[in-house]
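Single-structure report; data block below.
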Amino acid sequence: MSDTDQVPPGVDPDVPSPARMYDFFLGGTENYEVDRIAAAKVKKAMPEAEDAAWANRGFLQRAVSWLADRGVRQFIDVGAGLPTRNNTHDAAQAVAPEARVLYADNDPMVRAHAQKLLTGVDGTAFIQADFRDPEGLLAHPVTQKTIDFTQPVALLVVALTHFVPDEDDPWGVVRRYMDRLVPGSYLALAAGTHDRQAERAVSGLKDAYSTSSANVHTRSREEIARFFAGLEIVPPYEGAAPDLVYAGEWGAEDPEAADSDGSRWSYCAVARKPA
């Protein structure tokens, strides 16, 4: 995308955006020079940044397919971001054409992109909303029109909570979403970790995002496991115990081969809300 293209309303092309940087790591074109400069700083601290982005993306796609295979027909993808290929509705509707997907993001660039991407795509909708306001997001008229809250829903929170500081209580926010969903609903979540990473790399990563619209807050395995409190974690792959794994491992046919350097920057799990 040329930086001389028309900038969507509400977008500041002079401030790096995590959504646009993520798009860049995935090979997209919906980013500005300021995002590419910030992404280069990330890659200097974290050379496997692109691998990490694809590991998270792969987890999302595999988890959605797995959920659709088990009868889930409604998905709420919060912090959906900008990617144009293999989106949530692509994975869900490949299994169940009647599946419905609500995308939500607070970035106006994502809103402008989604309006083009989803035009004429049945069973999909987008709202501009903040993850930290579950009541407002779930009560939005478009949400209410798209999602039947008397039936199970899959809440997708992938590569998002590490942009939410502790003081905003991301654990409580996720719990408030899940409290509104009926038993049999699921949470699929992946979050950035600093476990087993060099302090220099973690510090460099945080510094690279310090000038963006959202800082990075990596967390330990124990802190990420708290997002699944009260839920029943499902086994991440055949023969595994129900527990968190690195992003690339979830749903992998060969978990050892999927355990890449980039994958180890995120823990993930899928968990069911019990009766």
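The values are calculated or read from the model by the stated rules, or taken from the named source; none is laboratory data. Everything quoted here is computed from the prediction, not taken from an experiment. Cβ placement follows ideal geometry from the backbone for every residue including glycine, while neighbour counts extend to all protein chains displayed. The area values use the complete protein model at the heavy-atom level, side chains included, leaving out ligands, DNA and RNA. Shrake-Rupley method; radii C 1.70, N 1.55, O 1.52, S 1.80 Å.
Can you list the HN-Hα couplings for the range 68-82, worked out from phi with the Karplus curve (6.51, -1.76, 1.60; θ = phi - 60°), rounded to whole Hz and with x for Gly and Pro?
Along the range 68-82, the couplings run 5, 4, 9, x, 6, 10, 9, 9, 10, 9, 9, x, 5, x, 9 Hz.
Which residues' amide hydrogens lie under 5 Å from the amide hydrogen of T193, considering only partners 5 or more residues apart or on another chain, with H built in the peptide plane?
Result for T193 returns R219, S266, Y267.
Fully extended, how many nm does the chain gain between E98 and E199 (0.36 nm per residue separation, minus their Cα-Cα distance)? Write out the running numbers ahead of the final one.
Numbers: separation 101, 0.36 × 101 = 36.36 nm, distance 4.63 nm.
Contour length minus Cα-Cα distance gives 31.7 nm.
Restricting to Cα atoms and excluding each atom paired with itself, what does the Kirkwood estimate give for the chain in Å?
In the chain this quantity evaluates to 18.7 Å.
From largest accessible area down, sort E48, E167; use a 1.4 Å probe on the protein chains.
Largest accessible area first, the residues go E167, E48.
Which FRET efficiency, nearest 0.05, do R85 and V142 yield, Cβ-Cβ r, R0 30 Å? Mind showing how you got there, number by number?
Working: r = 24 Å, r/R0 = 0.79.
About 0.80, to the nearest 0.05.
On a 1.4 Å probe surface of the protein chains, which of Y246, Y22, Y177 comes out largest in accessible area, and what is the full order? Mind showing how you got there, number by number?
Numbers: Y246 25, Y22 50, Y177 5 Å².
Putting Y246, Y22, Y177 in descending order of accessible area: Y22, Y246, Y177.
Using a Förster distance of 45 Å, how high is the FRET efficiency between D133 and E253, based on the Cβ-Cβ distance and rounded to 0.05?
Calculated transfer efficiency: 0.70.
Restricting to the chain, what percent of DSSP beta bridges are antiparallel, rounded to 5?
That works out to approximately 35 percent antiparallel.
Per residue of the chain, what 222 nm ellipticity follows from adding -39500 (n - 2.57) for every DSSP H run with n ≥ 4, rounded to the nearest 500?
When only DSSP H runs of four or more count, the value is -10500 deg cm²/dmol.
Roughly how many Å is it from the Cα centre of the range 123-192 to that of the range 24-40, as a whole number?
When both Cα centres are located, 27 Å separates them.
Work through the residues other than V182 whose Cβ is under 10 Å from its Cβ and net out their charges, Lys, Arg +1 and Asp, Glu -1.
+1
Near A55, within a Cβ-to-Cβ distance under 12 Å, what is the net charge of the other residues, with Lys and Arg +1 and Asp and Glu -1?
Details: positive: R57, R62, R264; negative: E48, E50, D51, E249, D259, D261.
Once all neighbours under 12 Å are counted, the net charge is -3.
Which net charge results when you count Lys and Arg as +1 and Asp and Glu as -1 among the other residues whose beta-carbon is under 15 Å from that of A80? Spell out each step's value before the answer.
Details: positive: R20, R57, R85, R100, R111, K116; negative: D23, E30, D77, D90, D105, D107, D130.
Every neighbour counted, the sum reads -1.
Need the list of lysines near K206 for cross-linking: C-alpha distance under 22 angstrom, and skip anything on the same chain fewer than eight residues off.
By straight Cα distance, K206 reaches K41, K43, K44.
Amide H of V245: which non-local residues (sequence gap of 5 or more, or other chain) have their own amide H closer than 5 Å, using H built in the peptide plane?
Those lying under 5 Å, H to H, from V245 are C268.
State, to one decimal in nm, how far the label point of A229 lies from the label point of D261, with both points 7 Å from Cα in the Cβ direction.
Those two pseudo-labels are separated by 3.6 nm.
So which trypsin sites (Lys or Arg not before Pro) in the range 189-275 end up in coil per DSSP with only 15 or fewer other C-beta atoms within 10 Å?
Within the range 189-275, the qualifying trypsin sites (Lys or Arg not before Pro) (loop, at most 15 other Cβ atoms within 10 Å) are R196.
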